[in-house]
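Contents: one structure, followed by commentary.
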Amino acid sequence: MEPLTLSKAEILAVLPAGALFVTGLIQLLSDLGDPNKTSRQEKTHLAMIGATGALVALASLFVQGTAASTGELYAGAMTDDLFGRLGAGVIIVTSLFCTLMAGGYLSSSGNNRAEFHALVSFSAGAMVLLCQSTNLVSMFVAIETLSLAVYVLAGFFRQQKAASEGAFKYFVMGAFSSGFLLLGMAIIYGLSGASLSFSAIAAAGASDDALFAVGALLVLIGFAFKVGVVPFHSWVPDVYQGAPTLAVGWMAVAVKASSFFALCRFLYHTGGGAYMDQILIALSIVTMILGNLAALNQQSLKRMLAYSGIAHSGYLMIPLIVALSGNDILIGASLPFYLCAYAGTTLAAFGVLTALSKATDKDQLGDLNGLAKSRPLLALGFTVALISLAGIPLTAGFIGKLMIFSDAIGAGFVQLAVIGILTSLVSVYYYLRPIVAMWFRDPRSSFDLIPAPWGVQFTVGACGIATIVFGIFPDWLVELSRISVETILG
Amino acid sequence: MSGWLEHLVFGILATVSVLSSFLVVTRKNPIYSALFLVVMFAMVAGIFMLLDATFLGFMQLLVYAGAIMVLYLFVIMLINPRDETLPDEGGTSEKAFAAGVSLLVFALLTFGISNSDLVTEMTTPGGIPALAEVPATHGAIEAFGYELFSKHLLVFEVASILILVGIIGAVHIAMKQRPASADENDSNEERLVTDV
């Protein structure tokens, strides 16, 4: 038996996730003894130092290597390519913003514990690994680590009944979906001659087999639960409404982004078996229609954003369909761009909701009345986020949708593009309702002033500006997405 | 083990495991369900051993049938459910839905296996050349450990984070609420510091 050696590339590639894991451990240690000893600033600062460290580690990867993939590291468990780095970047920046908003939000509800930051750090580390993972085992362990942390975050305010109920629902559904995921992985592993890494599975040539299609379908079901695609979405609204707003923001952005990055890598390598494209088309159409229709009549903003998140999962499946159709693998490039745009806009939206729900647990549409008069910056940021989610021009969300629908038409899936555009038009209605409430209605009482800590203001401002900037000058990010998708297959 | 005996043992193990897992979901009293789950785990351990995965088989017995099931039984006995206090398990429509989903998965797997060329190839004698000779170390602790700490080093380390997250979650959810006085201190402290 040869001794175990690690190459320089292997050590560097694991540094971003490692920095986040170590931050989580230090967070826990910092809370030893009297939990009141470390003030909330220290906890927040620690988490931000850790996330910044992870960003530095990520940047050092770019200094170290070019955009080309380094090939498989750790015996095929992970890789360091531009696609993974892009996903890692989205997640680390999201965790930074969530940490910025966390301090004031948590202490106002008497829950400012280091565990919150530690769990965000641990789940961020697992998500970074998920974006980089290239075999079934590392993918599964990363998904389980991040899911377990997010279940706890969803029920973090255990004195609230709705939070506990939502977290329990999420946990049971998540465990159920993990069963599907694991069964599918076991079938694929067995059929492809005991190979774990995606490239070995692709090389084994089992992907035309009928049982392989069943295995890939089960893996897809596992992911569909995580991102909330329609027949598997029933947990999403309840969890979004019950869970702490900040945790919902983290879930909505990071869990969805990392799951889509991993699913994309899995499908690009293995091809997904015989019936994958038809199944994806059906799921995408159902998700776009039901998600948008269910969002129309929601009075709770969190539930509305939950259904809107479901609808966006439907849009995000279109690039996968386009890529699997085999016309031209490069036109799946809209997926990373759309995820970046979605991350920025959703963070801005949940930033405002975090401020809104800070004092009480308000998230009704009527609570937004007259926000433009009391908090013009927050109202402006929320407006930008909503018009970007609706896909109105001059925002990143518009460019993302434009890329997705033009790719769909280019690859011959005109029906998908038509349904996508029609449902986007429907979505404008429910995205405009909060905007009308903020700008054209009077507040119910003069005491309704929403507290706005600078962390929230900064997040909403930065994400709003990024949404506009990438909406007007998208070329750089579009090019980056295109190159990153090229690096998936090495 | 000779061929027919192996088939016979597998047949018994498989039948008992399917029957007991069916009983797990149909029993009303959770204690019976848990005990049938023990039987199912033991049968699966037997199947692992039949496949020369001795170490895995023993781990299945020790960890699942031993440790985890004891934990299950502790929890069930702490809640101490009686027949009259057991919650209603949902109406016929819910049961029909659950049965429908199970049948759908079963049909899917049956369809996949019966239509798979690779499975047909594997079931014909000599169909898989690579597995024709099993190395002597197959399934032994040494081979298992070497595999775990060389090929799967990264995953092994991440699994430790996974377990840690599980512990944190359990502690956080089960922890006593902080006394009211501590909360007061907390809010006093907050008034002094500026918003972050």
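Based on this model, can you work out whether A:A243 counts as more than 16 Å from A:A216 (Cα to Cα) and either surrounded by 20 or more Cβ atoms within 10 Å (Cβ to Cβ) or under 15 Å from the mean Cα position of the chain (by Cα) (or both)? Before you say what the answer is, go through the steps one by one.
Numbers: more than 16 Å from A:A216 (Cα to Cα): yes; either surrounded by 20 or more Cβ atoms within 10 Å (Cβ to Cβ) or under 15 Å from the mean Cα position of the chain (by Cα) (or both): yes.
Against the criterion (more than 16 Å from A:A216 (Cα to Cα) and either surrounded by 20 or more Cβ atoms within 10 Å (Cβ to Cβ) or under 15 Å from the mean Cα position of the chain (by Cα) (or both)), A:A243 qualifies.
For the condition at pLDDT 90 or above and either exposed (fewer than 15 other Cβ atoms within 10 Å of the Cβ) or farther than 28 Å from B:E94 by Cβ (or both), what is the one hit in B:F41, B:F48, B:F55, B:F36? One residue alone meets the criteria, B:F48. Pairing each residue of the stretch A:277-299 that is touching a residue at least 40 places away in the same chain (Cβ under 8 Å) with any residue that is buried (at least 18 other Cβ atoms within 10 Å of the Cβ) and outside any helix (DSSP H, G or I), provided the two are 6+ apart or on different chains, yields C-beta distances under 6 Å for A:L283/A:V229; A:T287/A:V229. Only one of the numbered conditions (1) surrounded by 15 or more Cβ atoms within 10 Å (Cβ to Cβ); (2) in contact with a Ser or Thr (Cβ under 8 Å, 6 or more places away or on another chain); (3) over 20 Å from A:V93 (Cβ atoms) is violated by A:E486, and that is (2). Taking residues in the stretch A:456-480 that are in contact (Cβ under 8 Å) with a residue 60 or more places away in the chain and under 17 Å from A:L402 (Cα atoms), and partners anywhere that are of a type in the set (F, W, Y) and surrounded by 19 or more Cβ atoms within 10 Å (Cβ to Cβ), the pairs with Cβ atoms closer than 7 Å and at least 6 places apart or on different chains are A:G471/A:F398; A:L477/A:F337; A:L477/A:F470; A:V478/A:F337. Restricting attention to the stretch A:161-178, the residues that are surrounded by fewer than 18 Cβ atoms within 10 Å (Cβ to Cβ) and either in contact with a Pro (Cβ under 9 Å, 6 or more places away or on another chain) or free of Cβ contacts under 8 Å to residues at least 12 places away in the same chain (or both) add up to 3. Of the residues A:A9, A:A47, the single one that is closer than 22 Å to B:L164 by Cα and either at pLDDT 80 or above or within 14 Å of chain B (Cβ to nearest Cβ) (or both) is A:A47.
In the set A:L146, A:L182, A:L191, only one residue is over 20 Å from A:L96 (Cα atoms) and either at the interface with chain B (Cβ under 10 Å from one of its Cβ atoms) or buried (at least 22 other Cβ atoms within 10 Å of the Cβ) (or both); that residue is A:L191.
This table checks each residue for (1) in contact with a Leu (Cβ under 6 Å, 6 or more places away or on another chain); (2) in a helix (DSSP H, G or I); (3) among the polar types (S, T, N, Q); (4) crowded, with 24+ Cβ neighbours inside 10 Å.
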{"residue": "A:T346", "(1), (2), (3), (4)": "no, yes, yes, yes"}
{"residue": "A:K373", "(1), (2), (3), (4)": "no, yes, no, no"}
{"residue": "A:S388", "(1), (2), (3), (4)": "no, yes, yes, yes"}
{"residue": "A:P393", "(1), (2), (3), (4)": "no, no, no, no"}
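Checked against (1) over 16 Å from A:L246 (Cα atoms); (2) under 23 Å from the mean Cα position of the chain (by Cα), A:I188 passes all but condition (2). Among the residues of the stretch A:116-129, those that are more than 10 Å from chain B (Cβ to nearest Cβ) and within 12 Å of the chain's Cα centre (by Cα) comprise A:A124, A:M127, A:V128.
With respect to B:E147, is the statement that it is part of a helix (DSSP H, G or I), out of contact with any helix residue (DSSP H, G or I) (no Cβ under 9 Å at 6 or more places or on another chain), charged (D, E, K, R) and at pLDDT below 85 true? Reasoning before the result, please.
Numbers: part of a helix (DSSP H, G or I): yes; out of contact with any helix residue (DSSP H, G or I) (no Cβ under 9 Å at 6 or more places or on another chain): yes; charged (D, E, K, R): yes; at pLDDT below 85: yes.
So B:E147 passes the test.
Filter the stretch B:76-94 down to residues that are surrounded by 11 or more Cβ atoms within 10 Å (Cβ to Cβ) and modelled with pLDDT of 85 or more and give me whichever is farthest from A:I221 (Cα to Cα). Only one residue tops the list, namely B:M77. Against the conditions (1) among the basic types (K, R); (2) over 23 Å from the mean Cα position of the chain (by Cα); (3) crowded, with 17+ Cβ neighbours inside 10 Å, A:R441 satisfies every one except (3).
Does A:D442 satisfy being of a type in the set (D, E), at pLDDT below 90 and under 30 Å from A:S95 (Cα atoms)? No, not satisfied. For A:V418, the requirement of being in a helix (DSSP H, G or I), modelled with pLDDT under 90 and under 23 Å from A:H312 (Cβ atoms) is not met. The condition (being within 7 Å of chain A (Cβ to nearest Cβ) and either assigned to a loop (DSSP other than H, G, I, E, B) or at pLDDT 85 or above (or both)) is satisfied by just one residue among B:V134, B:V165, B:V119, B:V171: B:V165.
The values are calculated or read from the model by the stated rules, or taken from the named source; none is laboratory data. Just so it is clear, the structure is predicted and the values come from calculations on it, not from any experiment. Because the Cβ atoms are built from the backbone with ideal geometry, glycine has one as well, and the counts that use them run over all protein chains shown.
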